[in-house]
1. Identify the single condition in (1) within 28 Å of the chain's Cα centre (by Cα); (2) part of a loop (DSSP other than H, G, I, E, B) that Val268 does not satisfy, given that it satisfies every other one.
2. Does Trp145 satisfy the condition of being under 27 Å from Phe61 (Cα atoms) and outside any helix (DSSP H, G or I)?
3. Is it the case, given these coordinates, that Leu73 is in contact (Cβ under 8 Å) with a residue 40 or more places away in the chain, surrounded by fewer than 20 Cβ atoms within 10 Å (Cβ to Cβ), part of a helix (DSSP H, G or I) and not β-branched (Val, Ile, Thr)?
4. Within segment 111-122, can you find the residues that are assigned to a helix (DSSP H, G or I) and in contact with a helix residue (DSSP H, G or I) (Cβ under 8 Å, 6 or more places away or on another chain)?
5. Under 9 Å by Cβ, and 6 or more places apart or on different chains, what pairs join a residue from segment 380-394 that is assigned to a helix (DSSP H, G or I) with one that is among the β-branched types (Val, Ile, Thr) and open to solvent by 20 Å² or more (accessible area, probe 1.4 Å)?
6. For residues that are within 18 Å of the chain's Cα centre (by Cα) and polar (S, T, N, Q), scanning just segment 59-89, find the one that is farthest from Phe118 (Cα to Cα).
7. Quickly run through segment 239-273 and pick out the residues that are of a type in the set (Gly, Ala, Ser) and farther than 27 Å from Ser179 by Cβ.
Amino acid sequence: MWTLDALQLARIQFGFTVSFHIIFPAITIGLASYLAVLEGCWLRSRNEVYRTLYHFWSKIFAVNFGMGVVSGLVMAYEFGTNWSHFSDFAGGITGPLLAYEVLTAFFLEAGFLGVMLFGWKRVGPELHFFATIMVAIGTLVSATWILASNSWMQTPQGYEIVAGRIVPTDWLRVIFNPSFPFRLAHMGVAAYLATALMVGASGAWHLLRGRDDPAIRTMTSMAMWMLLIVAPVQAVIGDFHGLNTLEHQPIKIAAIEGHWESVPNAGVPLTLFGWPDAKQETNRFAVEVPHLGSVILTHTWDRQFRGLKEFPAKDRPNVAVVFWSFRVMVGLGFLMIALGAWAAWARWRGTLYRSRGLLRCAVFMGPAGIIAMLAGWITTEVGRQPWVVYGVLRTADAVASHSVAELSLSLALFVVVYFAVFGAGIRYLLRLITDRALTMRRRRRAVQGSPGMLCGRFLLHRTLWVNQGAAHRRPAEQHGYRSAADLGRNHPRRNHDLRHDGRV
């Protein structure tokens with residue numbers, strides 16, 4: 001750590017805190033809309049499955065929302081402590097945009113959040129549904145203002161510099177800057193994808209453990225439908241976003257593609273893999289597809305775009321980081337599309353809830369949306385370097401005057417505190433997501449309402465206990481019965497026997 005200079009330490013600290021923060025607002029956006037859909041389905045059908053799912057995911061939403069607020073406050077203070085020159089230079093634009101976010105989105109969320117979380121039995125169903133919708137809209141409005149500020153830093157317009165400070169001249173041009181629509185759409189869809197993968201992973205986790213329940217099936221089905229529809233849409237949005245970036249930030253696209261030199265009439269190859277060598281200005285161990293880079297980015301066979309050698313070395317970002325973070329994001333995106341297609345195939349065959357390979361992949365892909373989102377933000381922010389306001393203010397001129405020792409100590413404290421606090425919070429969220437109370441609640445109601453079920457449950461446990469000692473010397477399924485040891489290991493088989501044969 002002590003070999004790094006103050007600028008690098010300040011960048012690492014802000015990158016570390018924003019990486020933690022971005023997870024929680026994204027999941028908040030997705031879960032708020034998901035809860036609105038669940039409550040709307042319940043109001044329309046009065047199916048208790050949707051109400052059960054609403055209560056299950058509302059607890060997770062509440063914890064996630066709280067961690068998002070706490071992690072966001074830290075970033076607001078960092079603008080003044082670590083990036084005071086940036087705040088002094090560009091505060092005339094970024095300050096009001098952040099204030100608008102608080103005055104509109106945060107107040108809207110805070111005003112209706114209490115009704116949404118605690119008013120289920122205190123207000124009417126229509127009013128409660130309205131509160132849920134307002135919270136969902138508030139999360140989207142919050143993302144709108146934050147992305148307007150960040151997009152202006154990427155593609156600034158509607159300003160002039162007066163006495164060494166940026167002064168806005170046209171707020172509509174500031175907000176609706178060239179990259180804003182594409183970033184807003186890309187980030188919003190990424191939040192929905194991350195949430196769908198998390199919900200799908202939770203459902204698959206329960207199904208793999210034999211907790212086959214209508215609520216589990218419903219949320220798994222909804223997540224897979226969302227993945228099937230939205231993942232290809234995200235790929236299309238990403239293509240438009242790339243064309244916009246090529247127009248306004250060509251050096252970032254050159255770093256993403258690992259494109260060093262333009263050769264007239266040759267076409268730009270698509271470098272699938274490789275290692276960009278900034279010193280030698282070439283890609284080592286490159287695996288390329290001829291002309292495909294031109295086809296994707298210019299929609300022609302042999303049209304060139306500017307290579308990295310056409311830009312001064314001092315204006316280039318860290319090519320290796322941008323190159324590989326982009327490939328992580330795109331690779332996970334293709335896996336999301338594949339998982340959605342696999343789930344559709346399994347649904348058509350009637351094996352969506354029984355295909356253990358599909359369910360294991362769904363669990364494995366649970367964090368993929370968050371990882372892809374972080375990789376995309378690394379691509380965006382590192383690709384903008386060495387500018388904090390692209391083409392206007394360099395990052396080296398925006399950092400505050402702190403010593404290496406001060407920044408090293410604060411970074412170390414951030415790492416310890418964040419992993420302790422948010423690590424515990426994430427662990428608690430995972431416990432809620434994998435909690436079997438969602439399935440046990442329905443079973444308890446069934447047992448309490450039926451004396452016959454109580455008797456059957458007693459006989460089931462007694463049969464398993466009696467047969468336990470003899471299980472090792474009886475082959476499975478002898479005389480039409482299964483051994484207790486076999487049933488203990490195979491939950492789906494036991495559930496199948498109880499549903500179809502009514503015996504153990």
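1. Of (1) within 28 Å of the chain's Cα centre (by Cα); (2) part of a loop (DSSP other than H, G, I, E, B), only one is false for Val268: (1).
2. no
3. Spelling it out, it is not the case that Leu73 is in contact (Cβ under 8 Å) with a residue 40 or more places away in the chain, surrounded by fewer than 20 Cβ atoms within 10 Å (Cβ to Cβ), part of a helix (DSSP H, G or I) and not β-branched (Val, Ile, Thr).
4. Scanning segment 111-122 gives Gly111, Phe112, Leu113, Val115, Met116, Leu117.
5. What qualifies is Glu381/Val18; Val382/Val321; Gly383/Val321.
6. Ser71
7. Residues of segment 239-273 of a type in the set (Gly, Ala, Ser): 242, 254-255, 258, 262, 266-267.
Result: Ala266, single match.
Table: residues versus (1) basic (Lys, Arg); (2) touching a residue at least 60 places away in the same chain (Cβ under 8 Å); (3) surrounded by 20 or more Cβ atoms within 10 Å (Cβ to Cβ).
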{"residue": "Tyr50", "(1), (2), (3)": "no, yes, yes"}
{"residue": "Trp57", "(1), (2), (3)": "no, yes, yes"}
{"residue": "Val63", "(1), (2), (3)": "no, yes, no"}
{"residue": "Phe86", "(1), (2), (3)": "no, yes, yes"}
{"residue": "Ala90", "(1), (2), (3)": "no, yes, yes"}
{"residue": "Leu103", "(1), (2), (3)": "no, no, no"}
{"residue": "Leu108", "(1), (2), (3)": "no, no, no"}
{"residue": "Leu140", "(1), (2), (3)": "no, yes, no"}
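The values are calculated or read from the model by the stated rules, or taken from the named source; none is laboratory data. All figures in this text were calculated on a predicted structure; none of them were measured in a lab. Cβ atoms come from the backbone with ideal geometry, glycine included; neighbour counts cover every protein chain shown. These accessible areas exclude ligands, DNA and RNA; they are computed on the full protein's heavy atoms, side chains included. Shrake-Rupley method; radii C 1.70, N 1.55, O 1.52, S 1.80 Å.
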